[in-house]
Amino acid sequence: MATRDVASEGYRSLYRRYRPQRFSEIRGQDHVVLALKNAVRDGRVAHAYLFSGPRGTGKTSTARILAKALNCANPLEGEPCGVCDSCRDIARGASLDVHELDAASNNRVDDMRDLVSRASLASPGEWKVYIVDEVHMLSTAASNALLKTLEEPPGRVVFVLATTDPQKVLPTIRSRTQHYEFHLFETEVLTSLLEEIAVDARLELPGDGIQAAVRRGHGSARDAISALDQVAAAGVVDDGDRYVRDIVGSIAERETEAALRSVAAALVAGFDAPRLASDLVDSLRTVFLTTVAPGTEAVVSTGVPAGLPSIGPARCVRALEILGAAMVDMRESLDARTTLEVALVKLTHPEVDDSAAAVLERLERLERKMSDLAERLTAPGAPPAPPAPLASRAPETRRAMPGPASGEGADASSTAPGERPALGAFRAGGPGSGPGPATGPPVSPVTPAGGRAGARPDSAGPATDAVQPAGAGGAGGRVPSRDDLVTAWADHVLARLRPRARAIYASGRFVTVEDDEVTIALPNAAHVEHASPLEDEVARTLGEHFGCRLRVRLVADPDTDPGGGPEQRSAAKSSGGGRTTGATLRGRTAGAVARDEGDEGDDLEEVSPEDIAGDVQPHDSVSWVENRLLEEFPGAEEVS
């Protein structure tokens with residue numbers, strides 16, 4: 001870039017001193033420069049051009065350079081020399097061959113008629129150039145007056161129309177011009193331009209002065225050069241990056257109070273709410289682009305404050321929408337600060353916003369938490385997930401949990417750290433232990449050799465076909481206590497009985513254990529009569545489980561059967577008193593056990609309460625039904 005001699009001119013703003021004077025000095029608009037240079041060189045200049053694009057991209061400067069090239073005394077390959085009288089007059093704005101009109105302030109039809117009337121007059125130069133800036137601001141009548149001249153232009157006259165909003169220009173005017181679009185400058189182009197200006201003008205800048213000017217320029221060369229001039233005059237960067245970073249961080253962390261404090265600090269420092277909102281939108285746009293398309297930082301022309309946090313795409317989109325709507329509302333709001341603060345509260349506290357986007361953001365947060373939890377649970381060294389409840393486990397996934405080989409209960413304290421204790425660790429330790437609920441999962445059925453899954457071994461078959469339950473001993477195992485029987489019954493023994501025996505014995509309870517005889521109390525005498533033919537099956541199953549020979553003795557429950565004799569009442573009292581839930585044989589209903597185990601086969605039969613009742617007399621049947629209702633609904637009371 002050529003050094004400007006400003007000693008005789010006095011001080012001028014940087015954007016005026018470093019306005020391009022040749023096509024080669026125009027940055028970032030190569031497609032326009034190449035077309036215009038070739039047109040001047042080849043003598044194929046059109047009578048009308050339309051330059052459109054954002055402010056500060058070089059539209060007016062390019063129009064003046066085109067006027068220089070057309071009237072230059074010594075052009076070289078379409079470039080003006082810049083030293084002849086015509087080029088110097090145009091650079092000073094004193095040429096009679098170039099006429100500029102600001103259509104924003106001269107938009108009446110009379111102004112346009114005056115310009116058109118002078119178009120046919122002769123001028124000293126070879127070409128007469130009319131530059132109409134902000135042409136979209138012309139009134140309809142003025143646009144029609146200009147249109148008539150564009151239809152039949154005088155010779156050696158060129159119209160250059162510049163606008164920031166080409167959609168507002170009449171289509172009939174656009175169709176009679178060559179339309180060139182000017183683009184915003186990339187970050188690298190602006191940075192290089194400002195560095196050259198700083199060196200040529202010998203500016204003393206702080207370390208991040210050029211980067212701050214590039215960010216403030218938002219892709220506009222004129223705005224960036226003006227910001228550089230301001231930074232050079234102040235000697236420091238009065239930048240709001242720290243406030244933008246703090247607010248974006250508060251949005252990422254959903255800290256409403258921190259976001260409002262940052263807004264208050266920025267406003268006290270002199271930043272107005274619309275500018276702060278605009279900077280937030282630029283930063284969030286950058287975060288969004290780097291999140292959804294990593295590697296696109298180079299296309300972000302506004303510059304990016306360092307240290308911006310990461311925000312999910314859904315939240316970024318919602319933040320951009322809310323802040324964009326707030327910027328629109330600020331134009332008509334009585335208090336722009338309140339509008340910005342309300343928008344930030346919606347972004348940092350989605351619960352106060354009932355919009356669909358807020359609900360989606362809350363769902364995204366829940367999904368992210370669930371994903372993090374799953375990663376922690378599946379990470380090496382993570383604690384195992386708690387087991388699912390027994391009722392929710394599929395029958396085919398239940399497995400037998402081996403316990404101690406002997407009948408003695410295992411000591412839970414002997415389990416190694418991090419190792420799941422054996423089932424025997426939860427059993428009653430011996431005859432002296434108190435009653436407790438059955439805890440272990442039921443034993444899964446085993447597929448016998450040549451059989452099918454889910455089929456029960458015949459009750460008369462060998463005991464080796466079934467899974468050896470936890471706690472089972474050898475042939476010489478000890479006689480179990482009443483507590484051992486209660487603990488093992490619901491989880492293991494009852495599940496191995498046939499459906500009929502299971503349904504009949506499920507409503508009984510253990511009374512006493514004397515030597516090898518186990519006394520079981522059933523609700524009434526009729527129930528005992530139906531259960532008697534199945535004594536051997538129950539005794540055999542109990543013996544297989546505990547590894548010893550046992551006998552079963554059935555009695556009617558003295559608490560529910562009025563016909564129970566004194567001997568039965570005495571036995572009941574000696575065993576611990578009345579009927580308790582912990583001592584009943586029915587850990588689960590017969591139907592639930594059948595469903596859990598997936599029984600199937602020809603030897604399985606459905607058992608109903610009528611089958612169990614059999615030939616029960618009316619008064620016994622009523623007593624039996626009342627007893628079953630009380631069992632099914634613990635805590636219920638009979639109301640007379």
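The values are calculated or read from the model by the stated rules, or taken from the named source; none is laboratory data. Here the structure is a predicted model, which means the values were calculated and not measured. Note: ideal-geometry Cβ built from the backbone for every residue, glycine included; neighbour counts use all protein chains shown.
Tabulated values for the structure
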item: Test: residue in region 80-90 that is in contact with a strand residue (DSSP E or B) (Cβ under 8 Å, 6 or more places away or on another chain) and in the same structural domain as residue 164 (by TED's automatic domain parsing); result: yes
item: Total residues in region 228-241, condition part of a helix (DSSP H, G or I) and of a type outside the set (A, V, I, L, M, F, W, C); result: 3
item: Filter result for residue 89 (free of Cβ contacts under 8 Å to residues at least 24 places away in the same chain and exposed (fewer than 15 other Cβ atoms within 10 Å of the Cβ)); result: no
item: Some residue of region 181-201 being in contact with a Leu (Cβ under 7 Å, 6 or more places away or on another chain), buried (at least 19 other Cβ atoms within 10 Å of the Cβ) and farther than 25 Å from residue 67 by Cβ; result: yes
item: Among the candidates 261, 254, 222, residue that is touching a residue at least 24 places away in the same chain (Cβ under 8 Å) and under 17 Å from residue 341 (Cα atoms); result: 254
item: Output for region 242-285, where each listed residue is under 26 Å from the mean Cα position of the chain (by Cα) and not in a helix (DSSP H, G or I); result: 254, 255
item: Flag for residue 162 being surrounded by 14 or more Cβ atoms within 10 Å (Cβ to Cβ), of a type in the set (Gly, Ala, Ser) and under 16 Å from residue 58 (Cα atoms); result: yes
item: Options 135, 158, 169; residue that is more than 51 Å from the chain's Cα centre (by Cα) and at pLDDT 90 or above; result: 158
item: Of all residues making up region 69-80, the number that are surrounded by 19 or more Cβ atoms within 10 Å (Cβ to Cβ) and free of Cβ contacts under 8 Å to residues at least 40 places away in the same chain; result: 1
item: Condition met for residue 245 (without any contact (Cβ under 8 Å) to a residue 40 or more places away in the chain and of a type in the set (Lys, Arg)); result: no
item: Meets criteria (modelled with pLDDT under 95, farther than 19 Å from residue 122 by Cα and in contact with a helix residue (DSSP H, G or I) (Cβ under 7 Å, 6 or more places away or on another chain)) for residue 78; result: yes
item: Selection within region 158-170 - out of contact with any strand residue (DSSP E or B) (no Cβ under 9 Å at 6 or more places or on another chain) and under 24 Å from residue 39 (Cα atoms); result: none
item: Qualifying positions in region 105-117 - surrounded by 12 or more Cβ atoms within 10 Å (Cβ to Cβ) and either over 60 Å from the mean Cα position of the chain (by Cα) or among the aliphatic types (A, V, I, L, M) (or both); result: 109, 112, 113, 114, 115, 116
item: Some residue of region 303-316 being under 21 Å from the mean Cα position of the chain (by Cα) and modelled with pLDDT of 85 or more; result: yes
